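Some notes on the structure that comes next.
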Amino acid sequence: MAAPSISLVLGSGGARGLAHIGVIRWLEENHYAIEAISGCSMGALVGGLYGAGKLQDYTDWLLARSTRDLLGLLDLSFQRTGGLIAGERLTGVLRELIGDTRIEDLRVRFTAVAANIENGREVWLTRGALLEAVRASFAIPMVFPPVAHRSGLLVDGGILNPVPIAPTLGDASDLIVAVNVNGEISRSAAAPHPEVNAEGEPDRGLRGLTGYLRRRGNAAVAVSWHMLGIANQAFDAMQSTIARQKMAAYPPDILVELPRDLCGMHEFHRAAEIIECGYAAAARGIPARPPIEPQD
């Protein structure tokens with residue numbers, strides 16, 4: 001029996017989006033054929049790297065980095081760029097992985113979803129430079145500066161469509177599998193967000209980040225990052241609500257969902273743990289398939 005083909009929808013969510021790596025690993029191990037990917041923010045990054053055949057290279061690179069290494073990627077911006085982080089160091093890492101790869105040359109149909117902040121509309125990036133498309137899709141407001149594109153000034157698509165199912169509706173795939181990492185919180189409604197403790201102070205991970213910034217003489221940016229933790233809590237709640245509305249309008253065949261309190265937006269140092277959470281969620285939510293018998 002031929003492997004069922006799927007269109008894979010990978011949602012936004014900062015470091016939680018690393019769970020997409022685990023979902024993809026589970027799908028491949030269980031003989032699903034990924035033919036198309038629609039991604040937003042971190043979902044666009046993971047999906048684009050997969051399409052370029054570089055996802056394992058990225059995963060190996062990330063797992064080999066220490067927390068200090070990852071903090072070193074924060075090229076703080078003191079210019080009027082529109083974001084606390086310029087993003088050039090991270091872009092440099094991605095450029096080494098995917099170079100000048102174009103979306104048209106990927107091994108899957110690919111759509112990166114961004115938002116045009118000038119007219120408030122979604123932008124579906126399906127052609128052109130992969131790096132530019134991914135960079136626009138994860139340009140989180142206040143964190144990274146917007147990306148100037150021929151279609152306008154682009155930011156993180158999660159502000160309009162955190163789980164972009166619509167771009168896959170015309171696909172000929174057997175199934176649409178959507179991964180939402182902005183699901184209901186796993187703790188009681190009164191529990192604090194992972195980035196903020198019960199007293200309204202940042203958690204240990206965010207305290208470490210702000211401490212790092214202060215040690216580098218960037219006290220003002222450290223305070224801004226602390227405030228960003230509160231803003232991110234609101235952003236997550238907003239994305240969760242929008243995602244539910246979008247999926248009610250365009251329900252996928254299979255939904256894999258992870259709680260939005262799985263980790264903080266910035267906790268990429270927990271990559272191994274988050275990837276395993278994605279793998280486990282896929283195992284719970286997607287029917288397993290027997291090994292494909294070789295043809296005589």
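Here are some notes:
- log10 of Debye I(q)/I(0), alpha-carbon scatterers only, for segment 69-145 at 0.14, 0.19, 0.21 Å⁻¹: -0.52, -0.89, -1.02
- Isotropically averaged projected area of segment 1-59, using the convex hull of Cα atoms (one quarter of hull area), nm²: 3.7
- Here the Karplus curve 6.51 cos²θ - 1.76 cosθ + 1.60, taken at θ = phi - 60°, turns the phi angles of segment 131-144 into couplings of 4, 5, 5, 5, 4, 5, 5, 9, 6, 4, x, 6, 8, 10 Hz, with x standing for Gly and Pro.
- Segment 1-152: translational diffusion in µm²/s, Stokes-Einstein, Kirkwood Rh over Cα pairs, 20 °C, 1.002 mPa s: 134
- Taking the C-alpha atoms of segment 100-158, convex hull volume expressed per residue in Å³: 75
- Between ALA249 and SER66, full extension at 0.36 nm per residue minus the direct alpha carbon distance yields a gain of 61.7 nm.
Since every read-out is calculated from the coordinates, none of them should be taken as a lab result. These numbers come from a predicted model, not from an experiment.
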